[in-house]
1. Between GLN80, GLN110, which is more than 14 Å from the chain's Cα centre (by Cα) and surrounded by 15 or more Cβ atoms within 10 Å (Cβ to Cβ)?
2. Taking the stated definitions as given, is ALA181 touching a residue at least 24 places away in the same chain (Cβ under 8 Å), exposed (fewer than 15 other Cβ atoms within 10 Å of the Cβ) and in the same structural domain as SER65 (by TED's automatic domain parsing)?
3. Of everything in region 76-100, what is of a type outside the set (Phe, Trp, Tyr) and in a loop (DSSP other than H, G, I, E, B)? Give them in sequence order.
4. List pairs: first in region 46-66 and more than 15 Å from ALA150 (Cα to Cα), second assigned to a loop (DSSP other than H, G, I, E, B) and at pLDDT below 95, Cβ under 6 Å, 6+ apart or cross-chain?
5. Conditions: (1) over 15 Å from the mean Cα position of the chain (by Cα); (2) surrounded by 20 or more Cβ atoms within 10 Å (Cβ to Cβ). THR87 meets all but one. Number of the miss?
Amino acid sequence: MFVNVCMLAAEIISGLYNGSLRSDFLRTEVECKNVACVVLKWSFYNKMVVIVFGLPGSGKSYFASRLAKKLEADYISSDQVRKKLFTRPDYSEEGKKQVYKKLFDLMYDQARSRKSLVIDGTFYRQDIRSHFKKLADDLHVDLRWIEVKAEESLIQKRVGENRPHSDADFEIYKLIKKQYAPFTAPRLSLQSSNDNVDEMLKEAMNYLTASS
């Protein structure tokens, strides 16, 4: 997308010089350059980081991976990061600390890219959320939060099944639930079931585009 925007900006400027671009609106070199600058700025301002968070088994990873495709964004899963960091599942405080440090570093590296980014994780503590918010502010990146919830009976069923990336069982769910801090900042809250991901995606896209 960024390459296309840059090409469009270049065409706007070059069109002035070769005489192909003439209209009542774009009559001068200055006007053409101004429009080109607006087009380029639009490409930066429409880049965002979306953090999808919630308790284990809420359906956040299933939703987040599909949201990334909708946004044509890169996707980082905390479960997949954990799998790469540890040969055995580690949900200790030190293990979780390492996972969030890696997510933080990956988000920082992503700032060099022109693509948006979707990250999923529990983000269960307020200090973790604040840490990522400060990084977004420092990088001048538009950060959005989407919380995914589900009924506990559905979560218990989900975490009891074999899942390709997550090893969190119902005991881990109950542990993180006790530690889960209320989220007070602006966010979109979605209720997950086993058959409503399309509705969730539609609501998320409306939210992200309406507030951009």
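The values are calculated or read from the model by the stated rules, or taken from the named source; none is laboratory data. This is a predicted model, so every value here is computed, not measured. Cβ: placed from backbone, ideal geometry, glycine included. Neighbour counts: every protein chain shown.
1. On the way: GLN110 fails: more than 14 Å from the chain's Cα centre (by Cα).
Exactly one of GLN80, GLN110 is more than 14 Å from the chain's Cα centre (by Cα) and surrounded by 15 or more Cβ atoms within 10 Å (Cβ to Cβ), namely GLN80.
2. Working: touching a residue at least 24 places away in the same chain (Cβ under 8 Å): yes; exposed (fewer than 15 other Cβ atoms within 10 Å of the Cβ): yes; in the same structural domain as SER65 (by TED's automatic domain parsing): yes.
When the stated conditions are applied, ALA181 passes them.
3. Answer for region 76-100, where residues must be of a type outside the set (Phe, Trp, Tyr) and in a loop (DSSP other than H, G, I, E, B): THR87, ARG88, PRO89, ASP90, SER92.
4. Between residues of region 46-66 that are more than 15 Å from ALA150 (Cα to Cα) and residues that are assigned to a loop (DSSP other than H, G, I, E, B) and at pLDDT below 95, the close pairs are LYS47/SER116; MET48/SER116; VAL49/VAL141.
5. Failing condition for THR87: (2).
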